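Student: Sharing a structure below in C-alpha cells format, with a few things to ask.
The values are calculated or read from the model by the stated rules, or taken from the named source; none is laboratory data. What you are looking at is a predicted structure, and each value in this text was computed from that prediction instead of being measured. All Cβ positions, even for glycine, are placed from backbone atoms using ideal geometry, and neighbour counts span all protein chains on display. For the accessible areas, the whole protein counts, side chains as well, though only heavy atoms, and no ligand, DNA or RNA atoms are used. Shrake-Rupley method; radii C 1.70, N 1.55, O 1.52, S 1.80 Å.
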Amino acid sequence: MAYFAAAYFAAWLILFLYVFYIERKLALLGRDLEHLKNVVKRKKS
Amino acid sequence: MRLKNGTIKRCLGITSFLGIFISLYMAFFYTPLDKNLGVVQKIFYIHFPAAIVPYFAFFVVLVCSIIYLKTRDRKWSKIAYASAEIGLVIDTALLVTGTIFDKPTWGVWWVWEPRLTTSLIMWLLYAGYLMLYYSVGEAERRSRLTAVYGIVAFISVPISFMSIRWWRTVHPIVFEPTKIALDTSMWVTTLVFLFSMTLFYAYLLGHRVDMIGLQEEIEDLKDEVED
C-alpha cells in the first residue's frame, strides 16, 4: 500500500508542480508584457 | 505560435482533468485486485501512460524538427522545444513510478536491465536537448541545432520501446500483437488513462508554446525600449 501511495503521490506531484510552474510563469510574463507595452507607449508619445 | 482559440485550451484542460479523475476512479475502484501483486499492480495504470506519452511527445519533436529544417519557420522549433520539455517531465514521472514499482515486485529499486537502462538514456538525451536549447543564444542557430539534435535523439525512442522484445529482460511485455496480458477492465482503464494523459499533454503543449511566444514578445519589446 505504501509503494502504491508513494508512486501516485510522486507522479502527480511532478505533474502538478509543472502545471503550477507554467501557470505562474504565464501570469508573470503577461504582467511583464503589459508593463513593457505601457513603457513603449509612453516612450512613443 | 499561440493556440489562438482560448476556448479550445479551456476545453482541453477541463476534458483532460475530468478524464484523469475518471481514470483514477477506474484504477482504484473499477479494476480488480491483482492476485499476485495486490494493490501495487495499480501503479501500472499511471506507469504505462507515463511511458507512452513521452514516446509520442518525442515523436512530435522529431516531426517538428524535420518540418523546421525544411521550412525554417520558427513556430515548429517552438512546438518541438515545448514537446521535448513536457515529454521529459512525464518521463521523469515514468522513471520515478518505475523505481517505486520495482521495489515490491523485483525486490530492488533499480536494475541495469535493457528497458530501464534505455529509458534512462532517453531521459538523459532529452535533458541534453533542453540544455542545448538554453546554451545557444542566437535564435536561428538554436533552432537549427536543436532540430538536428531532436532528430538524432529520437533514435533512443524505438530502442527503448523495442528493448524488452530485442533483449532478455525482467520487464514484462504487457501488449503484444497476439495477446494482451490484462483482463478487460484492466486494459480499458489503461486506455482511458492513456487517452486522458494524451489530452493533458496537448493542454500543456498549448500553454508552453504560448509561454515561449510571450517570452519572445517581451524580448522584442525590451530591445525596442533600449533602442
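Student: Could you please find all residues in the range B:6-30 being hydrophobic (A, V, I, L, M, F, W, C), surrounded by 13 or more Cβ atoms within 10 Å (Cβ to Cβ) and farther than 16 Å from B:L191 by Cβ?
Tutor: Scanning the range B:6-30 gives B:I8, B:C11, B:L12, B:F17, B:F28.
Student: If you don't mind, there's one more thing I want to ask. Go through the range B:63-79 and give me each residue that's farther than 16 Å from B:L204 by Cβ and open to solvent by less than 30 Å² (accessible area, probe 1.4 Å).
Tutor: Correct list: B:S65, B:Y68, B:S77.
Student: Please find, among B:L199, B:L194, B:L182, B:L204, the residue that is in contact with a Gly (Cβ under 8 Å, 6 or more places away or on another chain) and either β-branched (V, I, T) or closer than 23 Å to B:G98 by Cβ (or both).
Tutor: Exactly one residue qualifies, and that residue is B:L199.
Student: Please work out which one of (1) under 30 Å from B:P32 (Cβ atoms); (2) not in a helix (DSSP H, G or I) is the condition B:F161 fails and give its number.
Tutor: Only one criterion in (1) under 30 Å from B:P32 (Cβ atoms); (2) not in a helix (DSSP H, G or I) is unmet by B:F161, namely (2).
Student: Still on this structure: Whether any residue in the range B:80-94 is open to solvent by less than 20 Å² (accessible area, probe 1.4 Å), charged (D, E, K, R) and not in a helix (DSSP H, G or I) is what I want to check.
Tutor: Scanning the range B:80-94, I find no residue that is open to solvent by less than 20 Å² (accessible area, probe 1.4 Å), charged (D, E, K, R) and not in a helix (DSSP H, G or I), so the answer is no.
Student: Scanning for something more than 30 Å from B:I14 (Cα to Cα), β-branched (V, I, T) and either facing chain B (nearest Cβ under 7 Å) or open to solvent by less than 20 Å² (accessible area, probe 1.4 Å) (or both), does the range A:32-45 turn up at least one residue?
Tutor: yes
Student: Need pairs with beta-carbon distance below 9 Å; first residue touching a residue at least 12 places away in the same chain (Cβ under 8 Å) and over 9 Å from B:T118 (Cα atoms) and within the range B:153-165, second part of a helix (DSSP H, G or I) and of a type in the set (D, E, K, R); sequence gap 6+ or separate chains.
Tutor: B:I164/B:R115
Student: Hey, another quick one. Taking B:A147 as the residue in question, decide whether it is part of a helix (DSSP H, G or I), within 14 Å of chain A (Cβ to nearest Cβ), touching a Leu at 6+ places or on another chain (Cβ under 7 Å) and surrounded by 12 or more Cβ atoms within 10 Å (Cβ to Cβ).
Tutor: It is false that B:A147 is part of a helix (DSSP H, G or I), within 14 Å of chain A (Cβ to nearest Cβ), touching a Leu at 6+ places or on another chain (Cβ under 7 Å) and surrounded by 12 or more Cβ atoms within 10 Å (Cβ to Cβ).
Student: Here's a follow-up. Among the residues of the range B:213-223, count how many are open to solvent by 80 Å² or more (accessible area, probe 1.4 Å) and either in contact with an Asp or Glu (Cβ under 7 Å, 6 or more places away or on another chain) or within 7 Å of chain A (Cβ to nearest Cβ) (or both).
Tutor: Qualifying residue count, the range B:213-223: 1.
Student: List, please: which pairs have Cβ atoms under 6 Å, are six or more places apart or on different chains, and start with a residue in the range B:9-23 that is modelled with pLDDT of 90 or more and among the hydroxyl-bearing types (S, T, Y) and end with one that is part of a helix (DSSP H, G or I) and open to solvent by less than 50 Å² (accessible area, probe 1.4 Å)?
Tutor: Here the result reads B:T15/B:L199; B:S16/B:S196; B:S16/B:L199; B:S16/B:F200; B:S16/B:Y203; B:S23/B:V192; B:S23/B:F193; B:S23/B:S196, each pair linking the range B:9-23 to a residue that is part of a helix (DSSP H, G or I) and open to solvent by less than 50 Å² (accessible area, probe 1.4 Å).
Student: Please work out which one of (1) in a loop (DSSP other than H, G, I, E, B); (2) within 14 Å of chain A (Cβ to nearest Cβ) is the condition B:V170 fails and give its number.
Tutor: Here B:V170 meets the rest and fails (2).
Student: Out of curiosity, is B:V152 open to solvent by 50 Å² or more (accessible area, probe 1.4 Å), away from every other protein chain (no Cβ under 14 Å) and not in a helix (DSSP H, G or I)?
Tutor: So B:V152 fails the test.
Student: Just one of B:L120, B:L132, B:L182, B:L125 is over 15 Å from the mean Cα position of the chain (by Cα), surrounded by 14 or more Cβ atoms within 10 Å (Cβ to Cβ) and farther than 30 Å from B:F29 by Cα; which is it?
Tutor: Selected residue: B:L132, the only one of B:L120, B:L132, B:L182, B:L125 that is over 15 Å from the mean Cα position of the chain (by Cα), surrounded by 14 or more Cβ atoms within 10 Å (Cβ to Cβ) and farther than 30 Å from B:F29 by Cα.
Student: Taking into account only those residues within the range A:6-31 that are among the small types (G, A, S) and within 9 Å of another protein chain (Cβ to nearest Cβ), which is surrounded by the most Cβ atoms within 10 Å (Cβ to Cβ)?
Tutor: It comes out as A:A7.
Student: Please enumerate the residues belonging to the range B:49-90 that are of a type in the set (D, E) and either touching a strand residue (DSSP E or B) at 6+ places or on another chain (Cβ under 6 Å) or more than 10 Å from every other protein chain (Cβ to nearest Cβ) (or both).
Tutor: Selection gives B:D73 alone.
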